[in-house]
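The values are calculated or read from the model by the stated rules, or taken from the named source; none is laboratory data. Just so it is clear, the structure is predicted and the values come from calculations on it, not from any experiment. Cβ coordinates were reconstructed from backbone atoms using ideal geometry, including for glycine residues, and neighbour counts include every protein chain displayed.
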Amino acid sequence: MERRNITELSTVEFTGSLGAAFQHYGRQLTALAQRWGTELDIAAVDAEAAMSSMKGHVLLFGLDSKVRARRVAKRLKRARDLTAALAERGESFHRSYRKHFLP
């Protein structure tokens with residue numbers, strides 16, 4: 001598998017004014033997490049729709065495949081929730097630096 005770097009975060013250098021660098025890093029992290037969250041949300045809906053269309057057990061009228069599709073898609077929705085928490089942490093990164101290191 002090819003290794004890909006997250007260029008938005010790797011280009012931020014922690015030199016000079018650390019407050020400005022941390023603020024920029026937090027903004028980039030928040031934006032990246034929001035984009036990941038959107039992608040995971042779309043993927044969850046698409047995956048659930050694709051799996052729900054599969055044939056299930058004949059006597060259950062396909063309800064079993066819909067339930068299994070919902071379970072599998074729930075994993076992507078949990079990942080989306082984690083990216084929302086990551087975005088929140090990105091916003092509070094600079095505030096935490098100011099609180100603990102600046103007078």
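Here are some notes:
- The lone exception for R4 - which of (1) over 29 Å from L102 (Cβ atoms); (2) at pLDDT 90 or above; (3) among the basic types (K, R) it fails: (2)
- Among the residues listed as A20, A69, A43, the single one being hydrophobic (A, V, I, L, M, F, W, C) and more than 22 Å from I6 (Cβ to Cβ): A69
- Pairs with Cβ under 9 Å, 6+ apart, first in the stretch 1-24 and in contact (Cβ under 8 Å) with a residue 24 or more places away in the chain, second aliphatic (A, V, I, L, M) and exposed (fewer than 10 other Cβ atoms within 10 Å of the Cβ): G19/L102
- The single condition among (1) farther than 30 Å from S96 by Cβ; (2) surrounded by 14 or more Cβ atoms within 10 Å (Cβ to Cβ); (3) within 20 Å of the chain's Cα centre (by Cα); (4) basic (K, R) that R68 does not satisfy is (3).
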